[in-house]
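Nothing in this text is a laboratory measurement; each read-out follows from the coordinates by a stated rule. Since we're looking at a predicted model, the values are computed, not measured. Using ideal geometry, Cβ is built from the backbone for each residue, glycine included, and neighbour counts are taken over all protein chains shown.
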Amino acid sequence: MRNSLVLALSGLVLAPAVSAQAYDSGDRDREDFSWVQPKNTTILGPYGHVPPVYPSPNATGVGGWEDALQKARDFVAQLTLEEKADMVTGQPGPCVGNIVAIPRLGFNGICLHDGPLAIRVADYASVFMAGVSAASTWDREILYQRGLAMGREFKAKGAHVALSPVCGPLGRSAYSGRNWEGFSPDPYLTGVAMEETILGHQDAGVQATPKHFIGNEQEIMRNPTWKTNGTVGEKVQEAISSNIDDRTMHELYLWPFANAIHARAASVMCSYQRLNGTYACENSKAVNGLLKEELGFQGYVMSDWGSTHSGVSSIEGGLDMNMPGGLGGYGMNWKAGSFFGGNITRAVNNGTVPVERVDDMIIRIMTPYYWLGQDKDFPGIDPSTGDLNTFSPRSTWVREFNMTGERSVDVRGDHGALIRKHGAAATILLKNENKTLPLKAPKSIAVFGNDAGQITEGFYNQDEYEFGTLVAGGGSGTGRLTYLVDPLTAINARAAQDGSLVQQWLNNTLIAKTDVRTLWLPTPPDVCLVFLKTWAEEAADRASLHVDYDGDDVVDSVARYCSNTVVVTHSSGINVMPWANHPNVTAIIAAHFPGQESGNSLVDVLYGDVDPSGRLPYTIAHNASDYNAPIVTDIQTDGFYDWQSWFDEKLEIDYRYFDANNISVLYEFGFGLSYSTFELGEINVENVAGSNITSRPEHLPVQPGGNPALWETLYNVSIPVTNTGDVDGTTVAQLYITLPDSAPEGTPVRQLRGFDKLSLAAGQTGVANFELMRRDLSYWDVNAQDWVIPKGEFVLSVGFSSRDLPVTTTLTPVKGCTKRKL
Ligand code: BGC
């Protein structure tokens, strides 16, 4: 059975088995199509075992890259076969990823650097807020400005490619260790964030790399295990397989990648784990099918660091660049050879891989390079990056690298001010009893918690993070701080203006076990500020949704005697907050990972210089056990393929799940308070597509982002918003849609499809605008293999969170069954 299926599939692939030893694993992996039998065929839909999609489509440059593509073709025409192999294979060098130069053609090579909140391997660079904070702003302009400022820093350091931004993980599970690098479990919000960030990066002249494609929703077992501990040896177990049905794939996980391609992202990084049984980087359905064909992606697919598991299978499956290039656990065992490199020349010479495929790989790599003008006056690599790069230290370099940039060039510009502003805009006020905030020149302030003060173990990927405030998580998505404004320092500076007394206790163990009345001066403080944190890092998932270091006990201890306790969290993402309804906890702020100006951003909000306008990019449930979609932490068996994660919850992640099951939550998706109050006026819906809207889109030639008909605006929705309070303020108007009953089972109750952030003076009225595109009103029909607008009546709901939607109206784009059972 297994062999016959392989035979049936192999008729569709390009190449027979090859002699190169490194390719064996690839051919073996291809057989993996046969083993994954859908757990439940109806759940898995059309690809429980990954249908083959071959050959890998050639780039055409469609969508504005035509001229650049011609330059890339001319470049490729001049390359020798060995140079071609170099162009698609990373090598050890000064950057996190390196494509070597070809001096005879005036090509200076390509420098690739992490990551999603900073250029990581660099000195004198800024640490921006993390993705989760950026999403909390719900502000397109800020998302763009952050992306632009980051891009400028990458470029000034000589990095052609930013390994940013992240939309995989999307955030299926609250526990995933890398959720903070990305934006939100809502695909619409994340899609907008991807698009704006990518436009920002690329407007700065740097290639963006949306990652990790696709289904990388947990860290545990993201890679296979090896007998020889991370080098080339015998595999013990294959990496986890994310098993995702077709509809869920399109409506959740692929959705923000479509935005990324729509924004003309240069490159996409494929992920570590398996997808429906086949490694993501050789998954022809995902890479050739979804990305290159359906979404019309014209750039190149690079592997995550060591996520290439084969030569021919990967090349045929659509992988265009192998990073960092070597074999072994993380591709770092440079001496062990490469699935690409010399094997490319052998495979082309022995006819296994057509040279046209290799040419297309390079055309895809060089087209965005020319499109962004990276062949002209691009800054040289800062030599300091070579010193800081522990990933491929100098001792590993085998080729010459010409680092012509200025050493330790300071690329920060005025970004500190921007980061302060952005951090404040990302600050989410969850509770504010008796208008305790903003602070009004309190006479006495008590500061508690190990998150309040300065970092004690260095400014880069600390081993231990008990003491000091958190502004980023760990792993490749972190940044190297050049300074850090911690909350305590900023509070002291601000309090000095008012002559306030500031006392501090930063040892959680001490606070948790002490009667705090014995700590503070005889008079109780006017306000107790409690600082809590939650770490998360790459290659590990979170074990708990509680704050770290006995933080819950710290709040209990303080709130027992301090009647005005304000809790601030610096967390990687979702926390349960068992103390939220404590009567003495008067205010709660979720500040996430705000970047280097953390303390200043917070003080701006605490004292009311800036209105808190962050909104939750996820749901805070009452209990950890309320969340669904757990990650797989242990499988209790040792079968080679046994690590499986079934995305059985389908579309029901985060608020979609809580809404579908009517589960009460503590703070819902989209929630956040302002110091002012807002009211909505009458909703206005304008049909801009005419009366004959069809269920199925017109099939126009595919452009980057897919069928352009999906991106056409069908309706413009607007609604007046009035600041009814007595202070200036900022709010986020949000639009959710409910599809008609004719939509298939499993359709979420409500889905975000628009948001608009408005700053209004007290008493002022503005207008929130939302554009509804065809994709926004469609579901993915697995039978039609198309986006379909269901017949009947939609409900549009507008308000200030996913559960505060005072204004509703209906809409019937396609006539049909009009009755709704609500
Ligand atoms: C991460 C990527 C990162 C790469 C290079 C990998 O471990 O998954 O996100 O870009 O390392 O540091």
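Considering only Trp520, Gln237, Gly423, whose Cα is most displaced toward the positive end of the charge dipole of the chain, charges sitting on Cβ of Lys, Arg (+1) and Asp, Glu (-1)? Going by the charge dipole, the pick is Gln237. Ordering Val301, Asn461, Pro487 by Cα displacement along the dipole of the chain toward the positive end leaves Val301 in first place; charges were set at the Cβ atoms of Lys, Arg (+1) and Asp, Glu (-1). For the chain, the Cα-based Rg and Dmax, in that order, read 26.4, 85 Å. Each residue of segment 618-628 was assigned a 3J(HN,Hα) from its phi angle through the Karplus expression (A = 6.51, B = -1.76, C = 1.60, θ = phi - 60°), giving 7, 9, 9, 7, 5, 10, 4, 6, 6, 7, 9 Hz with x at Gly and Pro.
The Rg/Rh ratio for segment 53-116, using Cα coordinates for both the radius of gyration and the Kirkwood hydrodynamic radius, is 1.02.
Placing +1 on each Lys and Arg Cβ and -1 on each Asp and Glu Cβ, with no other charges, gives the chain a dipole about its Cα centre of roughly 400 debye. Taking the fewest neighbouring Cβ atoms within 10 Å as the starting point, the ordered list for Met332, Met269, Met221 is Met332, Met221, Met269. With the highest mean first, a sort of the peptides 281-291, 129-139, 419-429, 681-691 on other beta-carbon atoms found within 10 angstrom per residue produces 129-139, 281-291, 419-429, 681-691.
Taking a ≥ b ≥ c as the square roots of the eigenvalues of the Cα gyration tensor, segment 624-714 is oblate, since a/c reaches 1.5 or more and a/b is not larger than b/c.
Farthest toward the positive end of the dipole of the chain, out of Gly317, Gly131, Gly64, is the Cα of Gly64, where the dipole comes from beta carbon charges about the Cα centre. Put in line by how crowded their Cβ is, counting other Cβ atoms within 10 Å and starting with the fewest, Met87, Met150 read Met87, Met150.
Charging the Cβ of each Asp and Glu at -1 and of each Lys and Arg at +1, and nothing else, the dipole of segment 492-642 about its Cα centre rounds to 560 debye. Ratio of Rg to Rh for segment 638-687: 1.25 [Cα atoms; Kirkwood radius as inverse mean 1/r over pairs]. Based on C-alpha pairs under 8 angstrom that are at least 6 apart in sequence, segment 130-249 has a relative contact order of 29 percent. The modelled label-to-label distance for the pair Thr396/Leu700, using points 7 Å beyond Cα in the direction of Cβ, is 4.5 nm.
Please say if segment 628-776 is rounded, prolate or oblate, where rounded means a/c under 1.5 for a ≥ b ≥ c the square roots of the C-alpha gyration tensor eigenvalues, and otherwise the choice is prolate for a/b larger than b/c and oblate otherwise? Oblate, because a/c is 1.5 or more while a/b does not exceed b/c.
Across segment 325-415, Cα-Cα distances exceeding 18 Å account for 67% of all pairs. Could you work out the local net charge near Val688, counting Lys and Arg as +1, Asp and Glu as -1, over the other residues with Cβ closer than 14 Å to its Cβ? Residues close to Val688 contribute a combined charge of -3. Quickly work out the Glu682-to-Trp226 label distance, labels modelled 7 Å from Cα along the C-beta direction, and quote it in nm with one decimal. Here the answer is 6.8 nm between the modelled labels.
Judged by the mean number of other Cβ atoms found within 10 Å, the most tightly packed of the peptides 360-366, 162-168, 199-205, 449-455 leads the ranking 162-168, 360-366, 449-455, 199-205. Overall, segment 123-242 carries a charge dipole of about 280 debye about its Cα centre when +1 sits on the Cβ of Lys and Arg and -1 on the Cβ of Asp and Glu, all other atoms neutral.
Residue exposure proxy: Glu217, Glu466, ordered by other Cβ atoms within 10 angstrom of their Cβ from fewest to most, comes out as Glu466, Glu217. If the chain linking Thr722 and Asp410 were pulled fully straight, counting 0.36 nm for each residue of separation and taking away their Cα-Cα distance, it would gain 107.9 nm. Binning the C-alpha pair distances of segment 150-240 at 5 Å intervals from 0 yields a P(r) profile of 3, 14, 18, 16, 14, 14, 11, 7, 3, 0 %, listed from the shortest bin outward.
For a label point 7 angstrom out from the Cα of Thr60 toward its Cβ, which stretches of segment 293-310 have the backbone nitrogen within less than 16 Å? It comes to 293-299, nothing else. Within straight-line reach of Lys71, meaning a Cα separation under 22 Å, sit the following lysines at least 8 residues removed in sequence or on another chain: Lys84, Lys155, Lys292, Lys376. Under 20 Å from a label point set 7 Å out along the Cα-to-Cβ vector of Arg517, the amide N atoms of segment 583-615 belong to 583-586. Packing-based ranking of 487-497, 256-266, 725-735 yields 256-266, 725-735, 487-497, ordered from highest to lowest mean Cβ neighbour count within 10 Å. Can you bin segment 486-543 into rounded, prolate or oblate? Criterion: square roots of the alpha carbon gyration tensor eigenvalues sorted a ≥ b ≥ c, rounded for a/c under 1.5, prolate for a/b above b/c, oblate for the rest. Oblate, since a/c reaches 1.5 and b/c is not below a/b.
Compactness check for segment 562-683: Cα Rg over 2.2 N^0.38 Å is 1.37.
The phi-based Karplus calculation (6.51 cos²θ - 1.76 cosθ + 1.60; θ = phi - 60°) puts the 3J(HN,Hα) values of segment 656-673 at 4, 6, 4, 5, 4, 10, 6, 8, 6, 10, 6, 9, 7, 3, x, 7, x, 9 Hz, whole numbers, x for Gly and Pro. Computed on segment 190-262, with alpha-carbon pairs under 8 angstrom and 6+ residues apart, the relative contact order is 41 percent. Entry note, the chain: relative contact order of 15 percent, from Cα contacts under 8 Å with a spacing of 6+ residues.
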